[in-house]
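Heads up: the structure comes next, in structure tokens.
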Amino acid sequence: MHDSAPVHDSPFRSEPIARDAVPQFVLPLVVRIEKAAPPARTDALETAARAVLVMLSDERSVGDGEWAQAVRAWQDARIRKVVRRARGAEWRRAEGLPGVTVTGKAAEVRVFPPVPLDGWPKELARLQVSGTELDDPEQPVDADLSAPVLWMNPDLGMSAGKAMAQAGHAAQLAWWELNDEERAAWCDAGFPLSVRTADPGRWSRLTVSGLPLVRDAGFTEIAPGSCTVVADHPALRGARPARP
């Protein structure tokens, strides 16, 4: 069985909600960016999204697991994710902390149990948030529509770190909307997914489709309430009514 969380009051909305009154936690993600061999942007975004799903589905995050209390506290508050970058010795120190490293085509992202907003471990607190700029050397191939696709807003410019966090938000919203059988199937398959930027026409259709939609709280880079990502999971297409 998996823990679940209600999404009627989106944890990513900008307006004040009950979640603001409880202690705030953050999910740390660290992407490995070596100077000589940085990962491609899309690979990093997809790996970050899978890392969030790996954390949510890990046996230590549910029930009486050792991370479960922290995960529940995080999900009861605003769902914050912060992506920092590391290389060399910084990355090795990060690997020494409890967490899970998820690998993509070349990208490596380590996800850690949630921590209090002002209580980061010193090994992570010293890592840089800014400067997480990545490019795609080649145009990503068309998304496999038989698998989940996280569609990014074509009108928003975001740093790679911000976009990684947004992709993680979308993956999490999709996870919450799935039933236990659908979650188990996705997990057993290794969380296949794509991250792509939608063309304007597709984006317009997606935002009224009833699929999970991330509205950013606007803490960094973009305006509060901005729609950033739609989580297009095959199990959710046409299966749920549109939310107001």
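Within segment 83-114, can you find the residues that are surrounded by 20 or more Cβ atoms within 10 Å (Cβ to Cβ) and among the aliphatic types (A, V, I, L, M)? Those that are surrounded by 20 or more Cβ atoms within 10 Å (Cβ to Cβ) and among the aliphatic types (A, V, I, L, M): VAL83, ALA86, ALA94, VAL102, ALA107, VAL109, VAL111.
Within segment 134-160, residues that are aromatic (Phe, Trp, Tyr) reach partners that are assigned to a loop (DSSP other than H, G, I, E, B) with beta carbons closer than 9 Å, at six or more positions or on different chains, in the pairs TRP151/ALA143; TRP151/ALA198; TRP151/LEU211.
So that you can scan it fast, the table gives a plain yes or no per residue for (1) at pLDDT 95 or above; (2) more than 18 Å from SER146 (Cα to Cα); (3) exposed (fewer than 12 other Cβ atoms within 10 Å of the Cβ); (4) hydrophobic (A, V, I, L, M, F, W, C):
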site	(1), (2), (3), (4)
TRP175	yes, no, no, yes
ALA198	yes, no, no, yes
VAL208	no, yes, yes, yes
VAL214	no, yes, no, yes
GLY218	no, yes, no, no
ALA223	no, yes, yes, yes
SER226	no, yes, no, no
PRO241	no, yes, yes, no
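Restricting ALA36, ALA73, ALA49 to residues that are small (Gly, Ala, Ser) and either touching a Pro at 6+ places or on another chain (Cβ under 6 Å) or buried (at least 22 other Cβ atoms within 10 Å of the Cβ) (or both) narrows the list to ALA49.
For segment 118-133, a residue qualifies if it is outside any loop (DSSP other than H, G, I, E, B) and either in contact with a strand residue (DSSP E or B) (Cβ under 7 Å, 6 or more places away or on another chain) or in contact (Cβ under 8 Å) with a residue 12 or more places away in the chain (or both), and the qualifying residues are GLU123, LEU124, GLN128. Check whether at least one residue in segment 173-185 is in a loop (DSSP other than H, G, I, E, B), small (Gly, Ala, Ser) and over 13 Å from the mean Cα position of the chain (by Cα), and report yes or no. No, segment 173-185 has no match at all. With respect to ALA163, determine if the residue is hydrophobic (A, V, I, L, M, F, W, C), assigned to a helix (DSSP H, G or I), at pLDDT below 95 and buried (at least 18 other Cβ atoms within 10 Å of the Cβ). Considered against the rule, which asks whether it is hydrophobic (A, V, I, L, M, F, W, C), assigned to a helix (DSSP H, G or I), at pLDDT below 95 and buried (at least 18 other Cβ atoms within 10 Å of the Cβ), ALA163 comes out as yes. Looking at segment 72-87, is at least one residue without any contact (Cβ under 8 Å) to a residue 40 or more places away in the chain and either of a type in the set (Gly, Ala, Ser) or under 12 Å from ALA48 (Cβ atoms) (or both)? Within segment 72-87 (the criterion being without any contact (Cβ under 8 Å) to a residue 40 or more places away in the chain and either of a type in the set (Gly, Ala, Ser) or under 12 Å from ALA48 (Cβ atoms) (or both)), the answer is no, since none of the residues qualifies.
The values are calculated or read from the model by the stated rules, or taken from the named source; none is laboratory data. Because the structure is predicted, anything quoted here is derived from the model rather than measured. Backbone-built Cβ (ideal geometry, glycine too); neighbour counts: all protein chains shown.
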